[in-house]
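Read the structure below first, then the notes.
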Amino acid sequence: MPATPLAGCAAWFAIGIALSIAPASASEDAGRCQFMVSCGTCHTAEAGALHRQGPNLHGNFGRKSGQVANFKRSDAFANPNLVWDEPTLEKRIEDSGVMLPGTNMAYRQRDPEKRRLAIPYLESLKPQVWRLKWQKPFTA
Ligand code: HEC
């Protein structure tokens, strides 16, 4: 069977649990895995990766909502005027339909542990902006 990213996650968890090693990178990897499992069907998070059904969330943490370039969002999402910090993301993924009714993100995560893994992972993805001084900053 070809090694899939998720199989890699499972193996990592198994090794991590068996040996109880490297707690800092363990939580980082657990967060990345949780993001891939919970959000990865509809979102990418690597710099420059393509949008899926939802926008690429790289560098989105701490930004105003609806700023992701080249992504056509729904009318319901036109101007929610939010900042994606921990409390807003928490509400958003706990039940996206309650927080912002009518958007194209039909998602609900009832397990607080899983929310607490995925959100810090997004926070850890600092925007990587490479530019020359005469170029305008670009956002991923
Ligand atoms: C079933 C697909 C789907 C899943 C699963 C999903 N999303 Fe989304 N998400 C979307 C879509 C579609 C949008 C755009 C909403 C719109 O335009 O109405 C979106 C938008 C967002 C936005 C707003 C981005 C912006 O433009 O400011 C955030 C933040 C977000 N999702 C976070 C998450 C997180 C975190 C998870 C996992 C815990 C997740 N989503 C899981 C489909 C999904």
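Throughout, read-outs are computed from the coordinates displayed, never taken from laboratory work. None of these values were measured; they are calculated from a predicted model. Virtual Cβ from ideal backbone geometry, glycine too; neighbours counted across all protein chains shown.
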Query raised in the report: What length, rounded to one decimal in nm, is gained on full extension from Ala106 through to Ser27, with 0.36 nm per residue of separation minus their alpha-carbon distance?
Result: 25.8 nm
Query raised in the report: Where does each of 83-89, 68-74 land if you order them by average Cβ count within 10 Å, highest first?
Result: 83-89, 68-74
Requested in this report: Would you mind checking segment 42-56 for residues with the amide N under 18 Å from a putative spin-label position 7 Å along Cα→C-beta of Asn81?
Outcome: none
Report task. Amide H neighbours of Ala45 under 5 Å, at least 5 residues apart or on other chains, H built in the peptide plane: list them. Result -> Leu57
Requested in this report: Determine ³J(HN,Hα), in whole Hz, for all residues of segment 77-86 in sequence, where each value follows from phi through the Karplus function 6.51 cos²θ - 1.76 cosθ + 1.60 and θ = phi - 60°; x replaces Gly and Pro.
Outcome: 9, 4, 9, x, 6, 10, 10, 7, 10, 4
Report summary line: Non-local residues with an amide H under 5 Å from the amide H of Arg63, with H modelled 1.01 Å from N and Pro and chain starts lacking one, are Trp84
Query raised in the report: What residues have an amide H closer than 5 Å to that of Tyr107, excluding those fewer than 5 places away on the same chain, when H is modeled at 1.01 Å from N in the peptide plane?
Result: Ser96, Gly97
Report summary line: Subtracting the Cα-Cα distance of Arg52 and Glu90 from 0.36 nm times their residue separation yields 11.6 nm
